[in-house]
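Heads up, the thing below is written out as structure tokens.
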Ligand SMILES: [Mn+2]
């Protein structure tokens with residue numbers, strides 16, 4: 001990090017000013033204005049650089065924007081400033097928890113329990129951490145047994161659909177089928193009727209659900225389909241205009257994070273047309289978590305994918321992962337709206353999502369950013385193995401987690417996974433691979449997008465007013481045959497009254 005640190009601790013009113021800035025930070029944090037909170041705490045730290053409260057509060061604000069790496073650094077400093085300040089250990093434990101470093105987190109939760117022997121919350125968190133360590137040990141133990149994936153044993157046919165109580169649509173134009181083979185055949189890639197997909201979208205918009213039997217079939221079929229794809233997709237620019245708007249230039253639409261904001265996704269479709277082979281979309285990861293309509297978002301994408309694989313393309317984001325889903329709501333939501341098995345089928349689908357795409361032969365698209373190793377070629381990306389959660393480090397983690405930085409070179413990531421890459425790294429990667437542009441997502445941007453690295457790196461983010469509190473615009477990009485990016489911005493639309501992370505309650509304020 002190259003932040004300028006100014007020391008104003010000699011200011012005669014330093015104490016007072018630091019307190020005012022801390023209060024401002026706390027107010028911003030409570031309103032979900034995380035970036036403003038970070039700014040206020042940072043300003044306060046110029047007056048009181050070793051204030052444990054400011055450091056620990058900024059650590060929490062960094063956790064909120066998933067910058068676990070710097071959150072740990074701040075918590076370290078808070079603990080160094082005051083070894084008896086329990087929140088310092090608590091923040092460090094939370095950040096390590098998000099990074100799957102459960103044993104390290106356990107040590108800090110124990111310290112919190114020792115400092116606050118009567119705190120029920122501290123004991124609950126320690127217990128949650130212990131549970132995670134046991135689960136990890138258990139899954140390592142059964143890994144050796146090569147158990148069959150759920151998708152190969154789960155049989156949706158046993159799930160009965162009551163013709164009298166189910167209000168949602170049926171995939172067959174003839175309604176509810178009794179011939180299960182005929183039903184399975186409808187869930188072949190390219191076979192799922194568009195009428196069913198559009199009716200399902202309307203049903204979910206009205207907050208009604210699609211039957212579990214159909215969802216199960218969809219997930220099993222999608223897992224198989226994604227498994228057949230390469231890790232790196234080649235996506236062409238269409239040669240014909242969108243059928244819904246014949247006067248428009250033929251284009252591909254690229255969207256960034258949508259994070260369970262279903263009504264904003266529908267708003268994009270309203271403005272820009274539904275996915276269709278003449279109006280294809282690429283959604284660049286982070287479909288789920290945060291927003292409480294994540295099930296609706298991912299089901300909509302998968303339904304279109306199965307209807308016509310060339311109308312929508314999906315890359316995996318760092319939130320299409322088990323640990324993030326536990327913390328940020330998708331696990332709770334999927335289990336609430338369906339059940340444990342359906343959630344596990346979602347995880348299997350996520351594990352097989354492609355990690356990157358080359359658009360029009362020239363534009364590299366991936367969720368996070370570029371690989372650490374500066375010899376990496378597109379062929380190496382193609383060879384990345386999927387079917388697993390992202391490892392601690394390596395190409396998959398870099399693609400899912402990295403962020404650009406404005407200055408040259410590489411730095412340790414503020415997130416604690418992946419790294420930060422400068423304009424020189426981007427230019428070298430593009431040149432080495434005969435590419436012209438990097439498009440990535442992964443970070444909220446005030447305008448919905450940001451162009452960096454002398455025009456070579458674009459961040460696109462499609463969740464407006466992220467978490468119902470960030471005030472940012474959303475954006476999407478059109479790429480026509482010229483491959484010149486054309487941006488469209490939009491603001492958030494209202495949604496039913498379910499707050500972000502409504503299903504993440506189990507983590508109780510840690511994130
Ligand atoms: Mn992300």
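Bear in mind these aren't lab numbers, they're just calculated from the coordinates by the rules spelled out. Computed from a predicted structure; not experimentally measured. All Cβ positions, even for glycine, are placed from backbone atoms using ideal geometry, and neighbour counts span all protein chains on display.
Key figures
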item	result
Mean-position separation - Cα centroids, the stretch 126-144 and the stretch 375-412, in angstrom	27 Å
Calculated FRET value between residue 20 and residue 103, using beta carbons and R₀ = 45 Å, to 0.05	0.70
Cβ-based exposure ranking for 113, 222, 467, in which fewest neighbours within 10 Å come first	113, 467, 222
Projected label distance in nm at residue 157 and residue 451, using a 7 Å step from Cα toward the beta-carbon	5.6 nm
Full-extension gain in nm, residue 30 to residue 134, via 0.36 nm per residue minus C-alpha separation	34.1 nm
Cβ-Cβ FRET estimate between residue 380 and residue 114, R0 fixed at 60 Å, reported to 0.05	0.80
The stretch 366-485: antiparallel DSSP beta bridges as a percent of all, rounded to 5	60 percent
Within the chain, percent of DSSP bridges classed antiparallel, to nearest 5	50 percent
Sequence-separation-based contact order of the stretch 403-474, relative, with Cα cut under 8 Å and 6+ spacing, percent	24 percent
Angle in degrees between helix 212-228 and the longest Cα principal axis of the chain, rounded to the nearest 10	80 degrees
Residue order, fewest to most beta carbons within 10 Å, for 164, 27	164, 27
Least to most buried among 399, 150 (fewest other Cβ within 10 Å first)	150, 399
When the convex hull of its Cα atoms is projected in every direction, mean area for the stretch 14-143 (nm²)	8.2 nm²
Coarse-grained scattering of the stretch 414-503 at q = 0.17 Å⁻¹, given as base-10 log I(q)/I(0) from a Debye sum over alpha-carbon atoms	-0.83
Residue 203-residue 488 FRET efficiency (beta carbon distance; Förster radius 35 Å; 0.05 resolution)	0.80
Taking the chain and dividing mean pair separation by its residue count, relative contact order in percent (alpha carbons under 8 Å, at least six apart)	13 percent
Inter-site label distance for residue 172 and residue 392 at 7 Å from Cα along Cβ, in nm	5.2 nm
Percentage relative contact order, the stretch 14-143, counting C-alpha pairs under 8 Å, at least six apart	15 percent
Quotient of Cα Rg and 2.2 N^0.38 Å for the stretch 349-398, N being how many residues it contains	1.12
Stokes-Einstein D for the stretch 118-243, Kirkwood Rh over Cα pairs, 25 °C, 0.890 mPa s (µm²/s)	131 µm²/s
Cα-derived Rg over Rh, computed across the chain with Rh taken as Kirkwood radius	0.98
Ranked packing of 170-179, 120-129, most packed first, by mean Cβ within 10 Å	120-129, 170-179
Estimated 222 nm signal from helices in the chain, with DSSP H stretches of n ≥ 4 weighted -39500 (n - 2.57), rounded to 500	-13500 deg cm²/dmol
